[in-house]
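Quick notes on the structure that follows.
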Amino acid sequence: MQTSLSRKFGIEYPIFGFTPSEHVAAAISRAGGLGVLGCVRFNDPEELDAVLTWMDENTDGKPYGVDVVMPAKVPTEGTAVDLDKLIPPEHRAFVDRTLDELGVPPLSGDIAEAGGVLGWLHSVARSHVEVALAHRPALIANALGSPPKDVIDLAHEKGVPVAALAGAVEHAKRHVENGVDIVIAQGYEAGGHTGEIASMVLWPEIVDALGDSAAVLAAGGVGSGRQVAAALALGASGVWMGSYWLTTSEYKLGAAAHGPSSIQRALLGASSADTVRSRIYSGKPARLLKTKWTEAWSKPEAPEPLPMPLQNILVNEAHQRMSAADDPEAVAMPVGQVVGRMNEIRPVGEVMAELVQGYDEAVDRLNEAR
């Protein structure tokens, strides 16, 4: 399973794995793909620096990437305390009332309350780029489109290619015009921030529109070797997978003391129909696992979600409380429709081996059909 892009990065398979977990990202790289660490959860640049130092030391010298969230437009800047003042009281009241109705207890004294995820802010995302470039990333990806030109130029000066997600052809073309090297064509099925065009339509559209001007990674709904083969058959140079790594054994964020976390238990029990696209997570449309929390926000009496980054600051404590409560029916988690295939906890290496085997079997079937 080799493409020009996998050869360019010096990886065994053209499988790019996005994850907020450094342990999962490192395992993906060690298994032959390119692990990409999501940086948005790091409010403190020093914490990100320490994690990337750990990545440098635990990837066996193999390449890895980082993913930042750098919106083209943000409503305001400031600290979490400053932004906190902009949140309407009725939104706070709704969140408090919903948590009470769901039976979610307050945080215990030994769990620190963070002031919201500031990685959505442009200035914080810039600090993520600066910290990352002091290490050895093989790729910088931006989850919300093209980074500013000076950020692209800075990465290129360091010899680091830049990728950007696109949900439509016009977005992909604009990314390339701005200097982006790799376009991640993310279909409607994907978890997190996503557009409205399905993968099977979007992938070849973007491949055809860009031609040789940029490589294309296929994202949205990939969870098997057959789907990797389909992506390459449609002209992509590789795949970008995010949701599928959430149920790997290396994923420890929000982990319970024994066994899978409440979020992982919720994912294991979900079908491909159990997701919803909503602005309640970050303020921008994102696909989430359908739970009692998302259902509460869909009721007529629920307020409209706030713009980024205010919505995340509003719900941050609620997310922590639900995670600590250990109730899989009341969690907040971005995930794609591929969740229906995520039915057991397995090591990253085993997942990767299955992807490669499934790809080989699919290619063999196609060869027999000639």
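Side notes on the structure shown:
- Rough spin-label spacing in nm, given labels placed 7 Å along Cα→Cβ, for residue 135 and residue 85: 3.5
- Dipole size of region 120-168 about its Cα centre, with +1 on Lys/Arg Cβ and -1 on Asp/Glu Cβ: approximately 100 debye, rounded to the nearest 20.
- Around residue 338: net Lys/Arg minus Asp/Glu count, Cβ-Cβ under 11 Å: +1
- Positive contributions from Lys and Arg (+1) and negative ones from Asp and Glu (-1), summed over other residues with Cβ under 14 Å from the Cβ of residue 352, come out at -2.
- Where a label projected 7 Å from the Cα of residue 354 along Cα→Cβ would reach, residues of region 199-243 with amide N under 19 Å: 220-231, 239-243
- Calculated [222 nm] ellipticity per residue, helices only, for the chain: -12000 deg cm²/dmol; basis is -39500 (n - 2.57) per DSSP H run with n ≥ 4, divided by all residues, nearest 500.
- From largest to smallest, the equivalent ellipsoid semi-axes obtained for the chain from the alpha-carbon gyration tensor read 31, 23, 20 Å.
- At an R0 of 25 angstrom, the distance between the Cβ atoms of residue 272 and residue 149 translates into a FRET efficiency of 0.05.
- Environment charge of residue 213, counting only residues whose C-beta is closer than 11 Å and scoring Lys/Arg +1, Asp/Glu -1: -2
- Placing +1 on the Cβ of every Lys and Arg and -1 on the Cβ of every Asp and Glu, with no other charges, gives the chain a dipole of roughly 640 debye about its Cα centre.
- Residue 364-residue 201 FRET efficiency (beta carbon distance; Förster radius 25 Å; 0.05 resolution): 0.40
- Positive-end extreme of charge dipole, the chain - chosen from 251, 166, 123 (charges on Cβ): 166
- Residue 345 contributes about 60 Å² of solvent-accessible surface, heavy atoms of the protein only, 1.4 Å probe.
- Dipole in debye (nearest 20) - region 235-292, about Cα centre, beta carbon charges: Lys, Arg +1; Asp, Glu -1: 300
- The number of Lys pairs in the chain with C-alpha atoms less than 29 Å apart, excluding pairs fewer than 8 positions apart on the same chain, is 28.
- FRET E, pair residue 304, residue 156, Förster distance 45 Å, beta-carbon r, rounded to 0.05: 0.70
- The solvent-accessible area of residue 173, taken with every protein chain present and a 1.4 Å probe, is close to 100 Å².
- Zero-based 10 Å bins, Cα pair distances in region 129-250, whole percents: 14, 44, 33, 9
The values are calculated or read from the model by the stated rules, or taken from the named source; none is laboratory data. None of these values were measured; they are calculated from a predicted model. Reconstructed Cβ throughout: ideal geometry from the backbone, glycine too, with neighbour counts over all protein chains shown. Heavy atoms of the whole protein, side chains included, go into the accessibility calculation; ligands, DNA and RNA do not. Shrake-Rupley method; radii C 1.70, N 1.55, O 1.52, S 1.80 Å.
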